[in-house]
Amino acid sequence: MVVRSRAPLRLSFAGGGTDVAPFPETEGGAVLSATIDRYAYGSLAPRADQRISVHSLDLGTSLQFDAGAEPSFDGRLDLVKAAIRRLGEGAGGSGGFDLLLRSSAPPGSGLGSSSTMLVALVGLLREHHRLPLTDYEVAELAYQAERVDLRIRGGHQDHYAATFGGFNFIEFGERVIVNPLRVKDSVVDELQLNLLLCWTGTTRQSARIIEDQSARLAGGELETLEGLRAQKELAVAMKSALLRGELSEFGSLLGEAWKQKKRMSPLIATEFIEEAYDEAMRAGALGGKVTGAGGGGYILFYCDFARKHRLAEALTRMGGAVTDVAFERRGLTTWRA
């Protein structure tokens with residue numbers, strides 16, 4: 001039977017960067033995030049031979065190789081090859097298959113799309129090989145394939161958010177602990193009504209920004225360290241505001257999270273992002289921040305629904321593309337068809 005998978009993309013509200021080495025090892029990190037109704041999708045169809053074929057609809061790229069061959073990491077769908085190698089070793093090899101992959105957002109969007117695609121792929125392979133993996137193990141395997149095998153700089157949060165789904169307060173230290181949050185339905189409804197996503201029109205390479213941040217932290221730069229410490233504190237404060245239903249406070253803290261995030265690296269803010277943020281505040285937003293490492297992708301704003309249409313109009317005049325937000329409570333899902 002054909003195996004399908006779906007994993008949700010995420011919005012990171014506060015704490016981003018505290019999940020990137022060396023900060024969690026020395027001080028412990030914390031991220032507040034929630035998954036949304038945009039996804040990475042995968043489909044796996046077994047073959048009768050020992051060939052593996054992969055087709056990425058987003059990248060318009062295809063490749064084939066022997067199931068028993070050691071994959072060559074040459075820049076062509078390396079994330080897929082890394083996941084296949086890791087999960088294939090655990091399964092002892094089980095023949096060929098056809099993979100079809102698609103995402104609702106491009107790499108570099110700031111929604112964790114690359115890591116989420118890896119989670120969807122690990123879920124496919126877990127189901128195909130019938131491996132008894134827990135959600136924590138799925139997330140960690142996806143992290144290891146991306147950060148260790150391919151040495152792509154970044155943190156842990158995206159893999160765990162996509163695997164578990166919903167609103168989570170995720171702690172990083174000697175191990176990762178995902179704390180699901182019981183947010184009232186009425187609070188979730190009001191929050192998504194007052195949030196607005198703005199596409200900046202450009203993607204970015206998060207690894208470059210993260211490398212700069214990590215280098216500054218390792219070099220003892222106080223501004224970066226204080227920015228990260230503030231991010232961790234804001235993740236706790238925003239969690240409290242969310243659970244109490246204090247959404248105006250949540251919106252204002254979102255703006256403070258952006259202010260502190262910019263301290264971590266000069267590569268995070270761009271001229272358009274700063275102009276869009278200033279225009280949004282004039283239009284009635286309480287706060288906002290980029291959803292990923294920075295440098296492009298999406299900006300998330302909080303604005304009362306009564307003024308949200310003015311915010312959307314102002315950002316559209318600047319050339320931004322605006323969309324509403326809807327949350328997804330489920331994480332990685334796999335099924336057979």
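Some observations on this one:
- The trypsin sites (Lys or Arg not before Pro) of the range 136-172 that meet both conditions, a loop assignment by DSSP and at most 16 other Cβ atoms within 10 Å of the site Cβ, are Arg151.
- From the coordinates shown, Rg and Dmax of the Cα atoms in Å corresponds to which of (i) 19.8, 61; (ii) 22.8, 82; (iii) 23.0, 95: (i)
- The residues of the range 12-116 have, on average, 38 Å² of accessible surface per residue, using a 1.4 Å probe with all protein chains present.
- The range 93-177: GluC sites (Glu not before Pro) in DSSP coil with no more than 16 other Cβ atoms inside 10 Å: Glu174
- On the range 37-97, 47 percent of the accessible area sits on carbon and sulfur atoms, based on a 1.4 Å probe.
- Every helix of 4 or more DSSP H residues in the chain counts as -39500 (n - 2.57), and over all residues that averages to -13000 deg cm²/dmol at 222 nm.
- For the chain, the number of Lys pairs with C-alpha atoms closer than 27 Å, counting only pairs eight or more positions apart or on separate chains, is 20.
- To the nearest 10, the accessible area of Trp258 is 10 Å² with a 1.4 Å probe.
- Ranked by how many other beta carbons lie within 10 Å on average, peptides 27-33, 317-323, 275-281 from highest: 27-33, 275-281, 317-323
- Relative to the compact-globule estimate of 2.2 N^0.38 Å, the Cα radius of gyration of the range 82-154 comes out at 1.10.
The values are calculated or read from the model by the stated rules, or taken from the named source; none is laboratory data. The shown structure was predicted, so the numbers you read here are calculated from the model rather than taken from an experiment. Reconstructed Cβ throughout: ideal geometry from the backbone, glycine too, with neighbour counts over all protein chains shown. Ligands, DNA and RNA are stripped out before the accessible areas are found, and what is left, the full protein with its side chains, is counted by its heavy atoms. Shrake-Rupley method; radii C 1.70, N 1.55, O 1.52, S 1.80 Å.
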